[in-house]
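Read the structure below first, then the notes.
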Amino acid sequence: MDQAPGEEILTVSELTHRIRRSLEDGFPRVCVVGELSNLRRPASGHVYLTLKDAGAQLSAVLWRTTAARLRFNLEDGLEVIATGELTVYEPRGAYQLVISSLKPKGLGALQLAFLQLRDKLEKEGLFRPEHKRPLPLVPACIGIVTSPTGAAIHDILTVLARRFPRAHLVLRPVRVQGAGAAEEIAQAIADFNEWGGADVLIVGRGGGSLEDLWAFNEEVVARAIYASKIPIICAVGHEIDVTIADFVADRRALTPTEAAEIVLPKLDDLLDTLAGLRERMAAALRGQVNVARAALERLRGSYAFRAPLEMVRLHEQRLDDLANAMALSARRRLESCRERLASAGGRLNALSPLAVLQRGYSITRSAATRRIIRSARDVQPGETIESILHEGRIISRVEPGAWPPAPEAES
């Protein structure tokens, strides 16, 4: 189609720029409800997302400074109300919403942030009962973390002055609301732990709105309480006020006044308790003395204490009896050994060659070789032999003779 006379020809950039100006002039401020999706958080700190409903979707952006002010965490699927201005991102020719404020639909932003942080810390185990430390019965030094001009410190001092005038208190003044208050509270808890002079801490403030109490819902305060080696009583607001710090603390007080009543007993009640314990201890000691005295009386009346020498003589007699029994046993064993030895000697003597000689026998051997002669065939005529008798010996010479005798001739 040919260009009509007088018709303006625009470049893409010029057209996009005009559309942007028209869009920004026509929609200077809009509020849009939609569901978050496609969340992106690049290193720049800006947040890019898409708002969508069942029929359409809209690109949106939160610049870094706006995103840093959010009290709750952005999550895909969260339904929100976004307020901002429409503009066109010219390099892509796409329109988008530049968000200036964002809040969850239904719940308030602070309430949602509270629930998100509560669930997160609970999953990490910061609320577990086994982590709660016991409070000292009578702390020598009480640390207080609160505003020096607020109602909380006045209530605490008033109650402690009435209940326990001798209480030793150390105040670490902090801001309890506004920007930076949470960091001051966390640092004060860390300072008390580094100092090490306090036995217990009271951390809290008076009542107020959710925004006023928000410093005690910050993660930095919750983690400082969890990391503390000193037991902590959290006393924030009134009975209906519940904070994240209450969940993490070792003990929750409904008010600062109650915290002062928890941290120390009434001095008069304590003195009455000590007096009762002292009386019970004295009664217990008297009972033990009476028991020991009765036992001593029984011992003093026993036979051992009435006739101590008789006991000694009785034991001496038993020792004499044992000595006699041992001597008798030794003699009997000695006699038995002698009899066994004599019997063995008799058997050995019966087997001795000397005993055989005593009965008239003799042992004949060669005088030259000392060889025992058992048969006449073992000697030669003229050989010298020696006969051993029971007493002495005989030297002989073999004479010729017929041995063994020649057999008789048959008739």
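Helix 181-195 and the longest principal axis of the C-alpha atoms of the chain enclose an angle of approximately 30°. Taking a Cβ cut-off of under 11 Å around ARG205, the surrounding Lys, Arg, Asp and Glu residues balance to a net charge of -2, with basic ones at +1 and acidic ones at -1. For ILE373, the residues 5 or more places off, or on other chains, whose built amide H falls under 5 Å of its own are THR364, ARG365, SER366. Using C-alpha pairs below 8 Å separated by at least 6 residues, the relative contact order for the chain is 9 percent.
All distinct Cα pairs of the range 272-399 go into the 1/r average, and the inverse of that average, the Kirkwood radius, is 24.2 Å.
Pairs of alpha-carbon atoms within less than 8 angstrom and 6+ residues apart define the contacts here; what relative contact order does the range 139-264 have, in percent? Value for the range 139-264: 29 percent. Global size of the range 12-106: 13.4, 42 Å for Rg and Dmax (C-alpha atoms, Rg to one decimal, Dmax whole). Computed over all pairs of different Cα atoms, the Kirkwood value for the hydrodynamic radius of the chain is 34.2 Å. Using only the Cα atoms of the range 97-237, each taken as one equal point scatterer with no solvent, compute I(q) by the Debye sum, divide by I(0), and report log10 of the ratio at q = 0.16, 0.17 Å⁻¹. For the range 97-237, the Cα-only Debye profile gives -0.90, -1.00. Beyond 29 Å, the tail of the calculated P(r) for the range 194-351 holds 65 percent of the Cα pairs.
If you take the alpha carbon atoms of the range 357-397 and fit the smallest convex hull around them, that volume is 66 Å³ per residue. Put simply, the range 317-357 fits an ellipsoid with semi-axes of 39, 5, 4 Å; these come from the alpha carbon gyration tensor as the roots of five times its eigenvalues, largest first.
In the chain, helical runs assigned H by DSSP with n ≥ 4 each contribute -39500 (n - 2.57); averaged across all residues and rounded to the nearest 500, the mean residue ellipticity at 222 nm is -13500 deg cm²/dmol. Both the radius of gyration and Dmax for the range 267-308 are 18.1, 59 Å, in that order, over alpha-carbon atoms. Using the average count of surrounding beta-carbon atoms within 10 Å as a protection proxy, the listed peptides 122-129, 213-220 rank, highest first, as 213-220, 122-129.
Rule-based calculations on the coordinates, nothing more; no lab input. As the structure is a prediction and not an experimental result, all values here were calculated from the model. Heads up, the Cβs are rebuilt from the backbone with ideal geometry, glycines too, and the neighbour counts pull from every protein chain shown.
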